[in-house]
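Okay, so here's the structure we're looking at.
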Amino acid sequence: MLSRVADALYWMARYSERTQTNAHILQVQLLNMLEQSGKEHEYIDHWEAVLDICASKEEYLTYYESIRVNPLIEYLLFSNKNCNALHATLSAVRENARVTRDSIPTELWELQNAFYLSLRQEILIRERPIPLIVLNTFLQNVRKTFLTVTGLIEGSMDRDLPFYFMQVGKWVERAEKTIRMVLVTLEHHKQIAIPIKEADGSFLLDLSEATESYLRKHRQTDLLCVIQYLLQDKHFPRSVMFCLQKIDEAFMHIEKETLSARFFELHAPLKSILFAMMNVDLWNITLEETILLMEERLCQCIEFGNTFATIYHLYEPSVQP
């Protein structure tokens, strides 16, 4: 397969996953803000966490003097100053799908193209600020569209190289995002005078789309239990452990020659991340040590993604890890 095609498939999957996850996170926070009406300090704190997860607070503050809701929503959804804004990632998905039209189902390209064009016609031309109910409907449509995309990929694509390059992109992006959610939650909790073993993890569950799955298995939503679930559960599709296992499966299908240089260069660090994640023990370390541990795991995932992209010549200058 041509490296430019593999490149486009890999980044299309990464941007698709990023778009779907960011849309969910923003929708959760919009609903959270409405529920906390009159408690501006609380929902601004949560908006700071969302900003750190979906973009960069430092970059945002170079353009705006303070964190306020309307400019923050504009920055995360539509601003040309933010390369991870939702409209930018949707554009990247559509462009990479266009490049790979011969390798993906026709319905997949048509769906992504049509949704992007409707975004430009119906949302970007609206007067600002856009009403919250309109934004909520738009975010819900983004999520439904990308759930349909996932169904088309899983249900109609051959299990060959295009499919597995997309799988690696999807699961690398999801693993990084889950670790980033945990890390940002811990960093924000550090500012609160509540012992971490007494902290509640409900907001983190909502952000990671894990609430229903978690509550079927556990009664308490204390933060450490939630984090352990998001890191180590082998059956929940958004846990880091599940993502790493899926990356390993897809990589084995791509690189069938287990004695090749590419196999050794990628398989060893992947197994190292899996082993490190399996042996995380949150109950016997301090909050500062937990934050450091999450930073190390995030760096490992980012490094694996960079190494994979380098080995297979998957270069996308605009991508943000």
Looking at the range 124-144, I want the residues that are touching a residue at least 24 places away in the same chain (Cβ under 8 Å) and have a partner that is open to solvent by 50 Å² or more (accessible area, probe 1.4 Å) with Cβ atoms under 6 Å, at least 6 apart or on another chain. Which pairs are those?
P129/N70
Identify, please: which residue in the range 204-236 is in contact (Cβ under 8 Å) with a residue 60 or more places away in the chain and not hydrophobic (A, V, I, L, M, F, W, C) and is, among those, farthest from Q29 (Cα to Cα)?
E209
What's the number of the only condition in (1) touching a residue at least 12 places away in the same chain (Cβ under 8 Å); (2) in a helix (DSSP H, G or I); (3) open to solvent by 30 Å² or more (accessible area, probe 1.4 Å) that L72 fails to meet?
(3)
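Does the range 231-254 hold any residues that are farther than 23 Å from Y214 by Cβ and open to solvent by 10 Å² or more (accessible area, probe 1.4 Å), and which are they? So that I can check it myself, show each step before the final result.
So the first thing to find is which residues in the range 231-254 are farther than 23 Å from Y214 by Cβ, and the list is 248-254.
Once the filter is applied, which keeps residues that are farther than 23 Å from Y214 by Cβ and open to solvent by 10 Å² or more (accessible area, probe 1.4 Å), the range 231-254 yields D248, E249, M252, H253, I254.
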State which residue is farthest from the chain's Cα centre (by Cα) when the search covers only the range 150-208 and only residues that are outside any helix (DSSP H, G or I) and surrounded by 24 or more Cβ atoms within 10 Å (Cβ to Cβ).
G201
Test T89 against the criterion of being in a helix (DSSP H, G or I), open to solvent by less than 30 Å² (accessible area, probe 1.4 Å) and either touching a residue at least 40 places away in the same chain (Cβ under 8 Å) or more than 20 Å from Y15 (Cβ to Cβ) (or both), and give yes or no.
yes
Is there a residue being over 16 Å from V226 (Cα atoms) and within 21 Å of the chain's Cα centre (by Cα) anywhere in the range 285-292?
yes
Residue check, R262 against (1) at pLDDT 90 or above; (2) surrounded by 12 or more Cβ atoms within 10 Å (Cβ to Cβ); (3) assigned to a helix (DSSP H, G or I), all met but one. Which one?
(1)
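Hey, among H313, H253, which residue is in contact with a helix residue (DSSP H, G or I) (Cβ under 6 Å, 6 or more places away or on another chain), in contact (Cβ under 8 Å) with a residue 24 or more places away in the chain and in a loop (DSSP other than H, G, I, E, B)?
On the way: H253 fails: in a loop (DSSP other than H, G, I, E, B).
Just a single option satisfies the conditions, and that option is H313.
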Applying the selection to the range 281-299, what residues are part of a loop (DSSP other than H, G, I, E, B) and surrounded by 11 or more Cβ atoms within 10 Å (Cβ to Cβ)?
I285
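The values are calculated or read from the model by the stated rules, or taken from the named source; none is laboratory data. Bear in mind the structure is a predicted one, so any value in this text is a computation, not a measurement. We place every Cβ from the backbone using ideal geometry, glycine too, and count neighbours over all the protein chains shown. For accessibility, only protein heavy atoms count, side chains too; no ligands or nucleic acids. Shrake-Rupley method; radii C 1.70, N 1.55, O 1.52, S 1.80 Å.
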